[in-house]
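Colleague: Before anything else, here's the structure in question.
Read the figures in this text as sums done on the coordinates, not as results from a lab. Source: prediction; values computed, not measured. As a convention, Cβ positions derive from the backbone with ideal geometry for all residues, glycine included, and neighbour counts pool all protein chains shown.
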Amino acid sequence: MEYLSLSPNIGVRNVEETVQFYTEALGFKLIMSVPSPRGGLQWAMVAGGGATIMFQKRENLTEEYPQLGKRPILGAITFYVKMKGMQELYDKLQATEYIALKMHKTFYGTDEFAIFDNNGHILTITEDKE
């Protein structure tokens, strides 16, 4: 048995606004989308480097998986993102409301910062130093 990839599908309020945030603020590219019969998008996928993230309207997600509305929320989820060019992204975002945690050195020796996306999800950004 071998896992080949992991692409989270995140329930969001507004797919178009989320795609706009990830493409404009973070530099991802929109690679696929599905229009909603009621207008707008019901699902989209963005990619950057080897990372892919999917976004689906919350209402559409609970229609697809009705048990989501019946299950208790068990905890928060954050995303740990390794990238190249971390300082460039930090410089771009450091004066915005998106910063959740300023650039700092962790107890395990890496430089990191964290941001909120437009839905309130936290992305911790780091870079391997060679």
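Colleague: Students often forget the sequence filter, so: which lysines lie under 19 Å Cα-Cα from LYS70 once same-chain residues fewer than 8 apart are removed?
Modeller: Hits, sequence-local ones excluded: LYS57.
Colleague: Report the extension gain between LYS29 and ASP91 in nm, rounded to one decimal, defined as 0.36 nm multiplied by the number of residues separating them, less their alpha carbon distance.
Modeller: That works out to 20.3 nm of additional length.
Colleague: Same structure, new question: Taking only DSSP H segments of four or more residues, each worth -39500 (n - 2.57), what value at 222 nm results for the chain once the sum is divided by all its residues, to the nearest 500 deg cm²/dmol?
Modeller: Rounded to the nearest 500, the figure is -4000 deg cm²/dmol.
Colleague: Here's something else I'd like to know. Loop only by DSSP, 11 or fewer other Cβ within 10 Å of the Cβ. Give me the chymotrypsin sites (Phe, Trp or Tyr not before Pro) in segment 1-70 that pass, ordered by residue number. Kindly include the intermediate steps, with their values, before the conclusion.
Modeller: Numbers: sites: TYR3, PHE21, TYR22, PHE28, TRP43, PHE55; in loops: TYR3, PHE28.
Sparse-neighbourhood loop chymotrypsin sites (Phe, Trp or Tyr not before Pro): TYR3.
Colleague: Further question on the same structure: Can you compute the FRET efficiency between LYS102 and GLU64 using 1/(1 + (r/R0)^6), with r the Cβ-Cβ distance and R0 = 41 Å? Round to the nearest 0.05. Can you show the working numbers first?
Modeller: Working: r = 38 Å, r/R0 = 0.92.
Rounded to the nearest 0.05, the efficiency is 0.60.
Colleague: If we sort 7-15, 104-112 on the protection proxy, mean other Cβ atoms within 10 Å, highest first, what's the order?
Modeller: Put in order of decreasing packing, that is 7-15, 104-112.
Colleague: Please list, or write none, the lysines whose alpha carbon is within less than 25 Å of the alpha carbon of LYS82, excluding same-chain residues fewer than 8 places away.
Modeller: LYS29, LYS92, LYS102, LYS105, LYS129
Colleague: Using Cα pairs under 8 angstrom and six or more residues apart, how large is the relative contact order of segment 90-130, in percent? Don't skip to the end; give the middle numbers.
Modeller: Values: 56 pairs, mean separation 12.2, N = 41.
Relative contact order, segment 90-130: 30 percent.
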